[in-house]
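J.: Got a structure for you, written out below as structure tokens; questions coming shortly.
The values are calculated or read from the model by the stated rules, or taken from the named source; none is laboratory data. Since the structure is predicted, the reported quantities are computational estimates derived from the model, not experimental observations. Heads up, the Cβs are rebuilt from the backbone with ideal geometry, glycines too, and the neighbour counts pull from every protein chain shown.
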Amino acid sequence: MGILSRKKEVRSSSDPADQAIDAPAQSEGVAPESVDIPAVETVPSQPDAAPDLPVEPVEEELARVERSAEEEETEIRLKASELLGPIRQDPPEQRHEKSGNEPGTDLAEVISLANQKGGVAKTTSTLNLAVALAEMGNRVLCIDLDPQGNLTMSQGIDPETLDKSMYNVLVDDLPISEVIHSCEIDIAVASLDLAGAEIAMSTKIGRERSLERALSEVRGDYDYVCIDTPPSLGLLTINALTASNKVVVPVQCEYLSMRGLVQLQNTLKMIQDNLNPDVRIAGILPTMFDSRTLHAREAVAMLEENFGDLVFKSRIRKAVKFAEAPVRGASVLKYDPESRAASYYRNLAEEILKDGSS
Ligand SMILES: Nc1ncnc2c1ncn2[C@@H]1O[C@H](COP(=O)(O)OP(=O)(O)OP(=O)(O)O)[C@@H](O)[C@H]1O
Ligand SMILES: [Mg+2]
């Protein structure tokens with residue numbers, strides 16, 4: 001049973017907000033069990049070590065009861081997390097000592113922005129998050145892994161004029177440094193021929209690891225690498241997830257946008273099992289949030305109910321500046337640094353830094 005179904009059992013049915021959130025599923029004839037969305041795993045907190053002091057017999061007994069209650073709780077939570085699947089497993093040894101680089105190494109942390117649904121703000125989030133991380137003093141590389149080349153264009157580069165791009169890196173093993181352009185941040189560019197890369201790579205040995213191999217050349221030069229992925233779960237996205245430590249999942253604040261998350265989660269599980277056991281979801285990012293509409297508020301409530309603290313606290317609200325900035329070949333942080341729109345991604349960057357250092 002998924003977390004949605006499980007939570008529904010304990011929710012008060014008299015809560016009008018809950019009834020409103022449930023409404024779309026019923027109106028579409030979807031049984032609650034079929035909306036069996038996420039497998040969220042929480043990290044069980046460790047019981048404190050017993051104090052090393054002599055205690056009175058009664059206090060000792062109390063301490064023992066308390067300890068066993070804590071242990072029981074930990075055990076129950078472990079069982080629940082096992083049932084719910086291994087998505088947000090973040091054992092202490094995998095947490096980062098400092099922001100950016102992987103623990104004990106000077107290698108960049110690699111973050112993919114992925115969701116196979118189109119138009120959910122993957123590209124917008126990749127660029128603005130990357131620029132926000134750079135503003136904080138990090139060395140950041142963006143990779144455009146989408147044949148549409150929107151990230152490349154949003155830095156003022158015309159993909160049609162490029163003679164070398166990520167296609168050549170993935171298919172012909174061209175060093176990635178040869179397709180990196182210096183803009184607001186460094187960007188490894190895409191051109192339209194990237195659309196043919198999946199077929200061209202399909203006969204290569206280790207085709208899922210082409211990007212990971214290419215990145216090894218430059219991973220020591222950056223603190224963060226942010227990868228924009230296409231709206232599909234094909235070989236390009238698989239390459240991105242295989243090369244990543246973390247995945248940020250932008251989700252438009254609409255009911256229908258949430259349904260594809262199961263598919264994304266299944267792909268991620270397959271990658272964890274076969275290609276990259278360390279990749280995990282850093283968070284789900286509610287985008288294009290319009291707090292004036294009931295539907296958007298319900299959609300966020302539903303996300304939080306199902307994914308708990310996996311949902312970022314940051315909200316990317318709707319703002320026309322996000323459509324204007326790419327026309328100027330700039331991030332929103334450069335286009336209008338003082339705008340509220342810019343602050344949304346600064347907040348997200350801070351949240352990601354905190355997650356890396358906790
Ligand atoms: N917070 C926002 N408010 C208003 N418009 C936005 C916001 N974020 C993104 N947009 C606009 O929504 C459209 C889709 O955004 P974007 O291209 O980032 O999505 P995407 O997920 O990368 O799309 P695709 O799946 O096609 O690659 C763009 O026109 C963008 O300018
Ligand atoms: Mg895009």
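J.: Among the listed residues Ser244, Ser314, which satisfies the condition of being polar (S, T, N, Q), within 14 Å of ligand 1 (Cβ to nearest atom) and either assigned to a helix (DSSP H, G or I) or touching a strand residue (DSSP E or B) at 6+ places or on another chain (Cβ under 9 Å) (or both)?
T.: Numbers: Ser244 fails: within 14 Å of ligand 1 (Cβ to nearest atom).
Matching residue, one of Ser244, Ser314: Ser314.
J.: Quick check on my filter: what residues within the range 307-323 are among the aliphatic types (A, V, I, L, M), surrounded by fewer than 18 Cβ atoms within 10 Å (Cβ to Cβ) and either more than 16 Å from ligand 2 (Cβ to nearest atom) or not assigned by TED's automatic domain parsing to the domain that holds Gln155 (or both)? If you could, list the steps in order and put the result at the bottom.
T.: Of the residues in the range 307-323, the ones among the aliphatic types (A, V, I, L, M) are 310-311, 316, 319-320, 323.
Retained after the next criterion (residues that are surrounded by fewer than 18 Cβ atoms within 10 Å (Cβ to Cβ)): 320, 323.
Answer for the range 307-323, where residues must be among the aliphatic types (A, V, I, L, M), surrounded by fewer than 18 Cβ atoms within 10 Å (Cβ to Cβ) and either more than 16 Å from ligand 2 (Cβ to nearest atom) or not assigned by TED's automatic domain parsing to the domain that holds Gln155 (or both): just Val320.
J.: State which residue is surrounded by the fewest Cβ atoms within 10 Å (Cβ to Cβ) when the search covers only the range 196-230 and only residues that are in contact with a Lys or Arg (Cβ under 8 Å, 6 or more places away or on another chain) and among the charged types (D, E, K, R).
T.: Taking the range 196-230 and keeping what is in contact with a Lys or Arg (Cβ under 8 Å, 6 or more places away or on another chain), we get 201, 206, 210, 221-225, 228-229.
Now restrict to residues that are among the charged types (D, E, K, R): 221, 223, 228.
Working: Asp221: 15, Asp223: 21, Asp228: 28.
My answer is Asp221.
J.: Find the residue count for the range 165-179, including only residues that are surrounded by fewer than 20 Cβ atoms within 10 Å (Cβ to Cβ) and either in contact (Cβ under 8 Å) with a residue 12 or more places away in the chain or in a loop (DSSP other than H, G, I, E, B) (or both). Walk me through it before giving the result.
T.: As a first pass, look at the range 165-179 and keep what is surrounded by fewer than 20 Cβ atoms within 10 Å (Cβ to Cβ): 171-175, 177-178.
Those left that are additionally either in contact (Cβ under 8 Å) with a residue 12 or more places away in the chain or in a loop (DSSP other than H, G, I, E, B) (or both): 171, 173-175, 177-178.
Summing the residues that are surrounded by fewer than 20 Cβ atoms within 10 Å (Cβ to Cβ) and either in contact (Cβ under 8 Å) with a residue 12 or more places away in the chain or in a loop (DSSP other than H, G, I, E, B) (or both) in the range 165-179 gives 6.
J.: Please go through the range 278-296 and pick out each residue that is away from ligand 1 (no atom under 16 Å from the Cβ) and basic (Lys, Arg).
T.: Residue satisfying the conditions is Arg280 alone.
J.: Turning to a different aspect of this structure: Output the number of residues of the range 220-238 satisfying the condition of being assigned to a helix (DSSP H, G or I) and away from ligand 1 (no atom under 16 Å from the Cβ). Spell out the reasoning first.
T.: So the first thing to find is which residues in the range 220-238 are assigned to a helix (DSSP H, G or I), and the list is 220-221, 235-238.
Adding the requirement that they be away from ligand 1 (no atom under 16 Å from the Cβ) leaves 220-221, 235, 238.
The total comes to 4.
J.: Restricting the search to the range 113-164, which residues are under 26 Å from Arg259 (Cβ atoms), of a type in the set (A, V, I, L, M, F, W, C) and either near ligand 1 (Cβ under 10 Å from one of its atoms) or not in a helix (DSSP H, G or I) (or both)?
T.: Leu113, Ala114, Val120, Ala121, Leu145, Leu151
J.: Still on this structure, I have one more. Is there any pair with a first residue in the range 139-154 that is touching a residue at least 60 places away in the same chain (Cβ under 8 Å) and a second that is near ligand 1 (Cβ under 10 Å from one of its atoms) and of a type in the set (Gly, Ala, Ser) whose Cβ atoms are under 7 Å apart and which are 6 or more apart or on different chains, and what are they?
T.: Going by the 7 Å Cβ cut-off, there are no qualifying pairs.
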